[in-house]
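The values are calculated or read from the model by the stated rules, or taken from the named source; none is laboratory data. Just so it is clear, the model here is predicted, and its values are computed rather than measured. Cβ placement follows ideal geometry from the backbone for every residue including glycine, while neighbour counts extend to all protein chains displayed.
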Amino acid sequence: MRQAIILAAGEGQRLRPLTASRPKVMLKAAGKPIIGYVIESLIACGIRNIVIVAGYRRDQLFDALGDGSSSGVNIRYVIQEHQAGTGHALKQAESLADNEFLLLPGDHLIEAATIREICMLDPLALLVKRIPNDQTVRYGAVSISGGEVKEIIEKPAQPCDKPVSTGIFKLDKTIFQHLGQVSDIPAAINTMVAKGARIRAVEADGTWLDAIYPWDLLELNNHALKTLPPDIRGTLENGVFTSGATSIGTSSRIRSGSYLTGPAHIGGLCNIGPAAVIGPGVSIGDSVSVGALCVITNSIIGDDVVIGPGAVIENSIIGPGCSIGANFSSCSGEAEIKVDGEWLVRKAGSIIGENCRLEASVVASPGVVLGNESSVMAMKNITGRFADGSRVV
């Protein structure tokens with residue numbers, strides 16, 4: 001098999017505000033877009049002919065990946081103009097599809113070891129994964145008998161002990177015959193099975209991680225960080241302490257008295273400290289300034305962010321272009337969070353959308369989601385969810 005089709009047209013609405021200006025596949029883990037890890041895994045499995053189904057904010061995909069020549073692959077694009085389901089998305093690639101191909105999502109963190117076995121199989125096959133029972137309601141639970149798929153039950157009403165679909169399939173062109181009447185691939189697979197198709201179920205051993213909600217990105221980030229080798233290209237002043245694997249980009253400066261605990265990634269053109277504590281589990285983008293005496297753990301900081309001195313940031317995500325005043329506090333704790341009409345209970349810090357302005361001594365309670373282009377005046381305590389463009393005075 002020589003071809004992969006990557007579905008990358010979706011927005012990831014439950015990840016807002018992080019996806020307001022970028023597709024889900026372009027969200028970063030350890031400084032790299034999620035789809036970049038997918039492509040690296042395909043290359044490691046010998047697949048260099050790639051078709052990407054693009055849609056929402058597709059210009060960012062084109063700019064980041066181009067034709068793939070810089071990575072030694074051939075990338076072609078087809079467009080899904082409107083998000084009308086995964087089946088409709090795949091249908092757009094019919095004219096470019098080989099007789100057999102690997103189909104996979106572009107917004108999951110996937111290792112080469114995860115897909116290597118299914119790549120070697122004949123069509124038809126589905127990669128499934130065992131996850132905690134209480135999480136199965138998020139995915140398609142797969143009924144299996146004799147090693148073959150019998151049914152995919154999309155988002156079962158109750159938790160179950162069945163493996164779930166990873167969305168990674170080894171398919172042939174017969175799939176396209178079943179996509180006209182249904183909008184989603186699981187429904188097409190169920191139709192094929194009902195008509196006698198034999199689809200092998202292969203249980204994944206390697207990494208497969210999906211970000212459904214904003215805080216899920218922290219798990220992806222932590223896993224991706226653990227794969228990074230130590231790589232220090234910036235400058236560490238005297239009195240900087242490091243432990244664990246840390247990646248520091250070109251022209252970044254870590255100032256005296258700072259302590260870096262890996263795994264951690266710091267992009268290029270950053271200024272950190274003095275006496276800042278970074279890590280573990282931290283990714284910092286390019287052109288970021290982190291002031292003196294800041295403490296940042298298990299968090300993602302976007303590009304072009306300025307964080308004033310004395311900030312404490314835990315289990316949080318700060319979007320690109322933010323200005324965070326001195327003594328900002330975003331500590332982690334158990335919170336009830338409403339996302340797309342669904343209530344979640346989890347340990348979390350805050351999500352700060354892009355281009356926000358927070359003045360000095362703002363305290364963000366656990367579970368805060370602050371929309372893009374928002375501002376918060378000094379000394380305010382914020383709780384709950386705020387729409388884009390909010391003004392807290």
- request: With a cut-off of at least 1 residues that are touching a residue at least 60 places away in the same chain (Cβ under 8 Å) and not polar (S, T, N, Q), name the strands (runs of 3 or more DSSP E) lying wholly within the stretch 130-224.
  value: 164-172, 200-203, 208-210
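Which count do you get for residues in the stretch 323-336 that are surrounded by fewer than 24 Cβ atoms within 10 Å (Cβ to Cβ) and either modelled with pLDDT of 95 or more or not in a loop (DSSP other than H, G, I, E, B) (or both)?
Result for the stretch 323-336: 9.
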- prompt: Only one of these conditions is not met by Val345: (1) among the β-branched types (Val, Ile, Thr); (2) modelled with pLDDT under 95; (3) over 23 Å from the mean Cα position of the chain (by Cα). Which number is it?
  reply: (3)
- prompt: Within the set of pairs 6 or more residues apart or between chains, which connect a residue that is closer than 16 Å to Leu27 by Cα and in a loop (DSSP other than H, G, I, E, B) inside the stretch 278-302 to a residue that is at pLDDT 95 or above and of a type in the set (S, T, N, Q) with Cβ atoms less than 6 Å apart?
  reply: Ser299/Ser316
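Would the stretch 257-269 turn up any residue that is of a type in the set (S, T, N, Q), buried (at least 20 other Cβ atoms within 10 Å of the Cβ) and either at negative phi or in contact (Cβ under 8 Å) with a residue 24 or more places away in the chain (or both)? Walk me through how you get there before you give the answer.
Keep residues of the stretch 257-269 that are of a type in the set (S, T, N, Q), which gives 258, 261.
Subset that is buried (at least 20 other Cβ atoms within 10 Å of the Cβ): 258.
From what's left, either at negative phi or in contact (Cβ under 8 Å) with a residue 24 or more places away in the chain (or both): 258.
The answer is yes, given that some residue of the stretch 257-269 is of a type in the set (S, T, N, Q), buried (at least 20 other Cβ atoms within 10 Å of the Cβ) and either at negative phi or in contact (Cβ under 8 Å) with a residue 24 or more places away in the chain (or both).
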query: Filter the stretch 336-363 for residues that are of a type outside the set (Val, Ile, Thr) and in contact with a Lys or Arg (Cβ under 7 Å, 6 or more places away or on another chain); which is nearest to Arg14 (Cα to Cα)?
result: Asp340
message: Quick check on the stretch 78-88. Is at least one of its residues over 26 Å from Gly180 (Cα atoms) and crowded, with 17+ Cβ neighbours inside 10 Å?
response: no
query: Ser283: in contact with a Ser or Thr (Cβ under 7 Å, 6 or more places away or on another chain), crowded, with 20+ Cβ neighbours inside 10 Å and of a type outside the set (A, V, I, L, M, F, W, C), yes or no?
result: no
query: Is it true that some residue in the stretch 163-180 is in contact with a Gly (Cβ under 8 Å, 6 or more places away or on another chain), buried (at least 18 other Cβ atoms within 10 Å of the Cβ) and more than 27 Å from Gln3 (Cβ to Cβ)?
result: no
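Scan the stretch 62-74 and give yes if some residue there is in contact with a Pro (Cβ under 8 Å, 6 or more places away or on another chain) and either acidic (Asp, Glu) or in the same structural domain as Asn190 (by TED's automatic domain parsing) (or both), otherwise no. Can you show your working first?
Just the residues of the stretch 62-74 that are in contact with a Pro (Cβ under 8 Å, 6 or more places away or on another chain), to begin with: 64.
Those still in the list that are either acidic (Asp, Glu) or in the same structural domain as Asn190 (by TED's automatic domain parsing) (or both) too: 64.
Within the stretch 62-74, one or more residues are in contact with a Pro (Cβ under 8 Å, 6 or more places away or on another chain) and either acidic (Asp, Glu) or in the same structural domain as Asn190 (by TED's automatic domain parsing) (or both).
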